[in-house]
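S.K.: Okay, here's the structure, questions in a sec.
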Amino acid sequence: MDNRPIGVFDSGLGGLTGVRQLRKILPHEDIVYFGDTGRVPYGSRSPETIIQYAQQDINFLLSKNVKFIMAACGTVSSTYPLDRAANLPVPYTGVVGSTVRAAEAATRNRKVGVIGTAATIRSGSYDSLLRQLVPGVEIHKQACPLFVPLVENGMVGMDEEITRLAVAKYLGGIRDAGVDTLILGCTHYPLLTEQIRAFMGPEVALIDPGKVTAIAMKEALQALELLADPAKEQGSAEFYVSDTVEAFSASADLFLGQYAGGKVERVAIETY
């Protein structure tokens, strides 16, 4: 057993969908979350910049004595080098592996859609693993650069016309290709599930990276004997951002739902 916290980070607030799932699936665990709200989005940055930012985010979480780090960010998960991850002092996971394994289990016709930031789609990380796990897979992918700012600004409801238009623009070709599974390759995107499901139809399985990675993390913590003491009281969460805490507080309920609440502080991430 290990009562140190789990560390989670993202380029902005989308990773809070992962925190929400972790708090549901691992109720006794403490969580430290960092959202790089001052430098969001990462998806339009160069690989070198993404790696630099991710390393600073990781260094900050390590300063909080975390026992496991989850990159709740499709862009970082697709870009951060595996050799760097392997040499970190604590276990690390991105969201790509768990997400692809869930898509493998869900697809029936081997036609899989992948949506994400420009950097995630450009990296081909989902493509290569899908081809390994699903022989003969037909992949249809699309960068959706407007989705992150729409979510960060709370424009996620069915009544948001601009969001509905963006969903139709980005997903029209994927729907027409007849996919039966769609990977939401960014942890912001599950907040658009209602809009996406309405457009794609109920027969298409939507894979939520935060949810499936939280499930995989529970299994990993069990295997490594790093779970918190089950006799411990309900876990807590601390939140850190690189921009104003007011912006976080205004959006926390949307991302965290019943798990909203906890300390929120601003940090100078450039110093890490």
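The values are calculated or read from the model by the stated rules, or taken from the named source; none is laboratory data. What you are looking at is a predicted structure, and each value in this text was computed from that prediction instead of being measured. Here the Cβ positions follow ideal geometry from the backbone for every residue, glycine too, while neighbour counts run over all protein chains shown. Keep in mind that these areas ignore ligands, DNA and RNA; they rest on the heavy atoms of the full protein, side chains included. Shrake-Rupley method; radii C 1.70, N 1.55, O 1.52, S 1.80 Å.
S.K.: Does region 73-84 contain any residue that is more than 21 Å from GLN132 (Cβ to Cβ) and surrounded by fewer than 18 Cβ atoms within 10 Å (Cβ to Cβ)?
M.R.: Scanning region 73-84 turns up at least one residue that is more than 21 Å from GLN132 (Cβ to Cβ) and surrounded by fewer than 18 Cβ atoms within 10 Å (Cβ to Cβ).
Rundown of residues vs (1) under 18 Å from ILE207 (Cβ atoms); (2) hydroxyl-bearing (Ser, Thr, Tyr), yes/no style:
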residue	(1), (2)
SER44	no, yes
GLN55	no, no
VAL66	no, no
ALA72	yes, no
THR75	yes, yes
THR79	no, yes
ALA86	no, no
PRO89	no, no
ALA102	yes, no
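S.K.: Of all residues in region 26-73, which are β-branched (Val, Ile, Thr), over 18 Å from LEU226 (Cα atoms) and in contact with an Asp or Glu (Cβ under 9 Å, 6 or more places away or on another chain)? Write out each step before concluding.
M.R.: From region 26-73, those β-branched (Val, Ile, Thr) are 31-32, 37, 40, 49-51, 58, 66, 69; that's our starting set.
Adding the requirement that they be over 18 Å from LEU226 (Cα atoms) leaves 37, 40, 49-51, 58.
Across region 26-73, the qualifying residues are THR37, VAL40.
S.K.: Quick check on region 131-141. Is at least one of its residues farther than 17 Å from GLN55 by Cβ and in contact with a Leu (Cβ under 8 Å, 6 or more places away or on another chain)?
M.R.: We begin by selecting, within region 131-141, every residue farther than 17 Å from GLN55 by Cβ; these are 131-141.
Remaining after also requiring in contact with a Leu (Cβ under 8 Å, 6 or more places away or on another chain): 137, 139.
The answer is yes; a qualifying residue exists.
S.K.: What about THR49, is it at pLDDT 95 or above, assigned to a helix (DSSP H, G or I), in contact with a strand residue (DSSP E or B) (Cβ under 6 Å, 6 or more places away or on another chain) and of a type in the set (Val, Ile, Thr)?
M.R.: no
S.K.: Okay, moving on. Could you run through region 138-169 and say how many residues are assigned to a helix (DSSP H, G or I), open to solvent by 20 Å² or more (accessible area, probe 1.4 Å) and either modelled with pLDDT of 95 or more or in contact with a strand residue (DSSP E or B) (Cβ under 6 Å, 6 or more places away or on another chain) (or both)?
M.R.: 6
S.K.: Would you mention how many residues in region 226-263 are of a type outside the set (D, E, K, R), in a loop (DSSP other than H, G, I, E, B) and surrounded by 14 or more Cβ atoms within 10 Å (Cβ to Cβ)?
M.R.: Result for region 226-263: 8.
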